[in-house]
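Each value in this text was obtained by applying a stated rule to the coordinates, not by laboratory testing. If you're wondering where the values come from, they're calculated on a predicted model, not measured in any experiment. So basically every Cβ, Gly included, is an ideal-geometry build from the backbone, and we count neighbours across all protein chains shown.
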Protein chains: 2
Amino acid sequence: MSGGGPDATGRKAPAPYRRPVPHVSQCGIPEGCPQRAHYPAVMTSLSPYDNLTPVTRAAYRARAAATDIAPLPRAVKDDALLAIADALEVRTSEIVEANAEDIARAREAGTSEAIVDRLTLTPDRVRAVAADVRHVAALPDPVGEVVRGSTLPNGIDLRQVRVPLGVVGIIYEARPNVTVDAAALCLKSGNAVLLRGSSSAYASNTALVRVVRDAVGGSGLPADAVQLVPGESRDSVRELMRARGLVDVLIPRGGASLIRTVVEESTVPVIETGTGNCHVYVDAQADLDMAVAILVNSKAQRPSVCNAAETLLVHQDIAEAFLPRALAALAEAGVTVHADERTLALAEGSEAAVVAATDEDWETEYLSYDIAAAVVDSLDKAVEHIRLWSSGHTEAIVTTSQAAARRFTRLVDSTTVAVNASTRFTDGGQFGFGAEIGISTQKLHARGPMGLPELTSTKYIVTGDGHTR
Amino acid sequence: MSGGGPDATGRKAPAPYRRPVPHVSQCGIPEGCPQRAHYPAVMTSLSPYDNLTPVTRAAYRARAAATDIAPLPRAVKDDALLAIADALEVRTSEIVEANAEDIARAREAGTSEAIVDRLTLTPDRVRAVAADVRHVAALPDPVGEVVRGSTLPNGIDLRQVRVPLGVVGIIYEARPNVTVDAAALCLKSGNAVLLRGSSSAYASNTALVRVVRDAVGGSGLPADAVQLVPGESRDSVRELMRARGLVDVLIPRGGASLIRTVVEESTVPVIETGTGNCHVYVDAQADLDMAVAILVNSKAQRPSVCNAAETLLVHQDIAEAFLPRALAALAEAGVTVHADERTLALAEGSEAAVVAATDEDWETEYLSYDIAAAVVDSLDKAVEHIRLWSSGHTEAIVTTSQAAARRFTRLVDSTTVAVNASTRFTDGGQFGFGAEIGISTQKLHARGPMGLPELTSTKYIVTGDGHTR
């Protein structure tokens, strides 16, 4: 597909791209077809076409672009991704300048330094984003993968192949690097993307998307495959959530309240991500050194992320031996323990920071140097606690017992169950997926870390020689 | 798991079943836990627990049963399924009597004989339903299947395994056989099911579910794994659609208006099924005999089903040779053709029943002996027509050209694309899945015919030796 000689970097320059599908104006969005069965909600509420709002118009353009890029072979998409990476590096100063506006506004508004740091793009960070894009280009293309295939008894060849989802909407918070990451993952998987970042990063995101679109368009692909959702108000999020038939899936990334709003109000299918009230359970039979190491790593290696542990459960038979050591190690890591009565009793005399837990602690995702702790009568009681309070993200058991490990992994219904390993491993990068668009905490479509295949659907291809029933 | 000697039928009698999970009252639904993060919508609108409506109470009981049956091994579930099949045969007269009430009511209400026929359960039909249940028992259990597995570079073993979805809600129309089919498929895949059939089949469904529940309970499994949603009014459907956190997925089966209502109003995730505005495209290069056979089979073999063809598209280069033969064959099959101008011109002088098409015809799922027909300038124009009007179920191309087949399959974005085969093959049974809970016409989770694996989610199991990050 891609011709042309090598350029100065040794990489082949993209050949002039010949669009392999009918042109958008012929085969894309049905401007003159308000009855289109696919788009009932939009069409009944928003006809004639002229009255479309900026958000819905962007969604229509994304739909047309999705139609164009869906059948593209890998080489064409990879060329566009490499062009994006190059452009990010060439135009770093433009991006950093725009970012400075957001930072100034954030500082004026008294935003915490932690959030300002997340918002900040330095030349080094832009280079790292460009490197991530090149990494996505190097990953295998999920589109076209034959998921299942067989010859049926009547001689028909049946194949189930991966196809792009179509239009993916991402709603996310302050980190502007997500803008480029999400665009790269969606492009690679043949999808168009509608990006709705935080209004606090609007200048940064506008600059990043301008650079990305220029690179995409320059590769001969439709620039509308990557769009920032217009408008900074909440209304634009609401419109995106109602664009049923235009947007194939919404992926909210961010805090629990953002995710809950999208899940409850959207009429577009949603993939819920991220809330992580994760547990570490230390079984009656456990290697205490291992248990301490896994506990501290799960809690304190990076407390602000969704796969950090938020509750420690300890079997009563091992509590006396384990908890004093665990509390000392947590104290050394700077962790405050919100303890039930039995844990409090064992903490007496220790130097650990321990406070009495309330029921609220069992359901809290601290995302900080805090952990809830309880002593349980049995493995089944630990499972019961987890079923009651967990958000279904990741739960770990530390045990030397094969029976306990089997029972825990069978009974716990979370995206990931870890045996003798830290909860922090629930991550697309750690799982070897090469990239991650989020961690689904729901059961439909995708569950757990989502890589490129999770940004696809499938279709069946039935091939016969005139077969009839 | 299942002991005991063979009974009179040669099949092993089910051993007394020892529940392998904590008892419901210990480990099931958190009666005293109104904060439970998993159930926010229900819990905020419906506390205290005493005030639950009958539908929500049923959903809670289903949730507890789902927890119990999720970890069951195949043998236990198969024993319950075989007990259901036996019970259906033993208690046929009870079922047929209840069915007679529904039929009498339907006749009084002046229901059409076609619908009365769908509603009718004869002893033979009950036996056929029992045979279907035995067939489901013989299918492989999807639960526990390792979908993906590897050892990560750090030595961690990663496995992605299939687990049940949890509580599945099925909303369906008059056919009472769906009641048992859906229950069997859900049980086999480790799910609890909430059945909401048509009120016109309420007596039949009540009798069937009574028999099924008795058999399930008699096998030592929780009878609440199969429940009829209480109440015949629309309110019970509405409550089911709002039981977010209690019901994991709703699958509406039936007419387009039922499906649209559920898709638009549900806050529970929905798998959209069934609407089929299917197309047959006859390419410029095509075997005319094959094209006629595929067209007639796609349209007329069983016009009332979702994979029947509703529109014929013919390339202009072959229209003159093909259409007169096609129209004659369709006339012979009793099909009325709703034709565009170019088709009308070629139909002059033929004996076929041909009427002029309006735009409405392109979007109509007739489900009758009617078909729309148009002549198109090119394959790309056929694709354009399909993109505009298709419901995305199944489209067929008849062609001798490899290039045309490749282009059509790549550009058409439907659950199934058939090359030189009838649209009627889009079916779980035909695809060799052994059973089908419906045909998904959406892109998330499952697309196309849904078998047992499509009634599952997955979880990741991470096993280490004390691994930390």
- [ ] In nm to one decimal, list the spacings between the residue A:334 label point and its equivalents in the other copies, with label points set 7 Å along Cα to Cβ, shortest first.
- [x] 8.0
- [ ] Describe numerically, in nm with one decimal, the distance between label points set 7 Å from Cα along Cα→Cβ at residue B:104 and at residue B:285.
- [x] 6.6 nm
Open item on the list: Taking every DSSP beta bridge with both residues inside the protein assembly as shown, roughly what % is antiparallel (nearest 5)?
Closed with: 30 percent
Task: Cα→Cβ-extended label distance, 7 Å offset, between residue A:235 and residue B:147, nm - done: 4.0 nm
Task: Residue of chain A whose Cβ sits closest to the axis mapping A onto B, with distance in whole Å - done: A:445, 2
Open item on the list: Using a 7 Å offset from Cα along the direction of the beta-carbon, what are the separations from residue A:109 to the same position in each other copy, nm, ascending?
Closed with: 5.6
Task: the stretch A:375-445 versus the stretch B:192-228: alpha-carbon centroid distance in Å - done: 33 Å
Task: In nm, spacing of pseudo-spin labels at residue A:94 and residue A:320 (7 Å Cα→C-beta vector) - done: 7.0 nm
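Report the FRET efficiency, 1/(1 + (r/R0)^6), for residue B:135 and residue A:257, where r is their Cβ-Cβ distance and R0 is 56 Å, rounded to 0.05.
On the way: r = 48 Å, r/R0 = 0.85.
Rounded to the nearest 0.05, the efficiency is 0.75.
Express the relative contact order of the stretch A:278-432 as a whole percentage, based on alpha carbon pairs under 8 Å and six or more residues apart in sequence. Could the numbers behind the result be given before it?
Numbers: 306 pairs, mean separation 49.5, N = 155.
For the stretch A:278-432, the relative contact order is 32 percent.
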Open item on the list: Please list, by residue number, everything in the stretch A:439-462 whose backbone N is under 19 Å from a paramagnetic label point 7 Å out along Cα→Cβ of residue A:154.
Closed with: A:460-462
- [ ] Starting from a label point 7 Å past Cα on the Cβ side, list the distances from residue B:150 to the same position in the other copies, nm, shortest first.
- [x] 2.6
- [ ] Under a cut-off of 17 Å between alpha-carbon atoms, report the lysines in cross-link reach of residue B:443, not counting same-chain residues fewer than 8 places apart.
- [x] A:443, A:459
TODO: Along each of the three principal axes of the Cα atoms of the protein assembly as shown, give the extent in whole Å, ordering the values from largest to smallest.
DONE: 102, 81, 45
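Give the shape of the stretch A:278-432 as rounded, prolate or oblate, defined through the alpha-carbon gyration tensor: a ≥ b ≥ c are the square roots of its eigenvalues, a/c under 1.5 means rounded, and otherwise the shape is prolate if a/b is larger than b/c and oblate if not.
Values: a/c = 1.41, a/b = 1.19, b/c = 1.19.
Verdict is rounded for the stretch A:278-432.
Kindly state, to the nearest 0.05, the FRET efficiency for residue B:114 paired with residue B:355, given R0 = 30 Å and r defined as their beta-carbon distance.
Working: r = 23 Å, r/R0 = 0.78.
FRET efficiency, residue B:114 to residue B:355: 0.80.
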- [ ] Please give the average number of partner chain Cβ atoms lying within 10 Å of the Cβ of each residue in B:408-417, rounded to a whole number.
- [x] 5
